[in-house]
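Since the structure comes first, as structure tokens, the remarks are kept for the end.
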Amino acid sequence: MSGNVRPESMARITTKELAEKFIEEQVEAIREQVKDKKVLLALSGGVDSSVVAALLIKAIGKQLTCVHVNHGLLRKGEPEQVIEVFRNQMDANLVYVDATDRFLDQLAGVSEPESKRKIIGKIFIDVFVEEARKLDGIEFLAQGTIYPDILESKGVKAHHNVGGLPEDLQFELVEPVKLLYKDEVRVVGETLGLPHNMVYRQPFPGPCLGVRCTGAITRDRLNSLREADAIVREEIGKLKRLPWQFFAVIPDIQSTGIKDGKRYMGWPVVIRAIDTVDAVTAKSVLLPMETLLKIRDRIIAEVPGVNRVLWDYTDKPVSTIEWE
Ligand code: XMP
């Protein structure tokens, strides 16, 4: 797509038919831009990069190489789904890098939230650059930039984009959904055949579970967080109307539990569900008691090391959405 301004005449993509037309146009535009050259894409498995991957696979097939960096901070099932959908179902060139140890080793003992974010961002770029250097003849970099990113370039999504690549890796950009709003990207994604749960994934902070395992991340607490988060998402996901964001946090504190008459130290899990329009302010969603009880019972029964379940029902302000 050329130009960074959405023309007023551009119809909002709300139906499968309109999405099909958009896909057809973009496939042609991508082929024209890329010709027989190779394209690289950092594929997080989030909505935007997944839709861009599916579009490019349709347009240029194996001329696209997707790199998926698993930093060990993704939600339960996410790296597996990226491999299943893109490598197994779409037959894409997918480089899967399990860099979990590298991330968690460098994060060990680091408790300051901004330092954690910086370390995660830096290692991500390092790993991506290492993989990019192994590939020959790349001339284009695809990105899942969407229109709100352009409108407010300092927005939430700025964290996700692969900025800061070294000079020898400055490629021409391919940004096929850069004039679309999120709801339109979703319609295009479903029309391209991506799974519903991938296309309607709730927004996730760039540093992923890293900022929900507060303080210095430990592997055991992170693993318990991943399990607890999956339960929270599954149970709240059954509600008729879904909150904008809903997740679990395990703060870096211990709580006393009792088992077989003996006291022991474990962790509390915090449930958080919020509604917002722009993430600048947010309202806590008042969850049904039935859902809260189900989550409590499942977490206590299924998640190792957890002996207490709390519900954070504060609004933003004064609380932020994430815990750090
Ligand atoms: P807060 O916690 O500031 O979050 O109320 C507002 C929104 O931003 C997301 N968030 C992040 N997204 N990188 C991101 O890409 C980050 O470091 C980050 N921290 C918070 C958060 O999930 C919420 O939707």
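Laid out as a table, the results:
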quantity	calculated
Rule-of-thumb Rg ratio for segment 200-324 [Cα; 2.2 N^0.38 Å; N residues]	1.04
Mean projection area, nm², convex hull over Cα of segment 1-51	4.7 nm²
Within-13-Å neighbourhood charge of residue 319 [Cβ basis; K, R +1; D, E -1]	-1
Charge dipole (debye, nearest 20) of segment 174-224; +1 at Cβ of Lys and Arg, -1 at Cβ of Asp and Glu	240 debye
DSSP beta bridges in the chain [antiparallel fraction, %, rounded to 5]	35 percent
Cα shape, segment 92-239, gyration tensor, a/c 1.5 rule	oblate
Relative contact order (%) - criterion: Cα under 8 Å, at least six apart; region: the chain	17 percent
Debye, to nearest 20: dipole size of the chain, +1 on Lys, Arg Cβ, -1 on Asp, Glu Cβ	960 debye
Gained length - residue 169 relative to residue 14, 0.36 nm times residue gap less alpha-carbon distance	52.1 nm
Residues of type aspartates and glutamates that residue 259 reaches as a straight line, Cα spacing below 19 Å, ignoring anything fewer than 8 places off in the same chain	297, 302
Listed pairs 62/116; 37/58; 58/178; 240/283; 35/62; 238/283 exceeding 24 Å between Cα atoms	62/116
Cα-centre dipole for segment 16-199 with unit charges at Cβ (Lys and Arg positive, Asp and Glu negative), debye to 20	260 debye
Those lysines that a straight Cα-Cα span of less than 18 Å connects to residue 118, excepting residues fewer than 8 apart in one chain	154, 157
Selected from 104, 143, 254, residue furthest toward positive end of dipole (the chain; charges at beta carbon)	254
Span per principal axis, largest first, for the Cα atoms of the chain (Å)	71, 41, 36
Summed side-chain charge close to residue 139 - residues other than residue 139 whose Cβ falls under 13 Å, Lys, Arg +1, Asp, Glu -1	-1
Among beta bridges that DSSP assigns inside segment 212-312, antiparallel share in %, nearest 5	65 percent
Nearest-ten-degree value, helix 113-134 long axis tilted from longest Cα axis of the chain	40 degrees
Folded to 0 to 90 degrees: helix 182-191 orientation relative to the chain principal axis, Cα	70 degrees
Top of 313, 264, 147 by mean-square fluctuation, Gaussian network on the chain, Cα under 10 Å	264
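Read-outs throughout are calculated quantities, based only on the coordinates presented, and are distinct from any laboratory measurement. Nothing here was measured: the structure is a model prediction, and the numbers come from that model. Cβ: placed from backbone, ideal geometry, glycine included. Neighbour counts: every protein chain shown.
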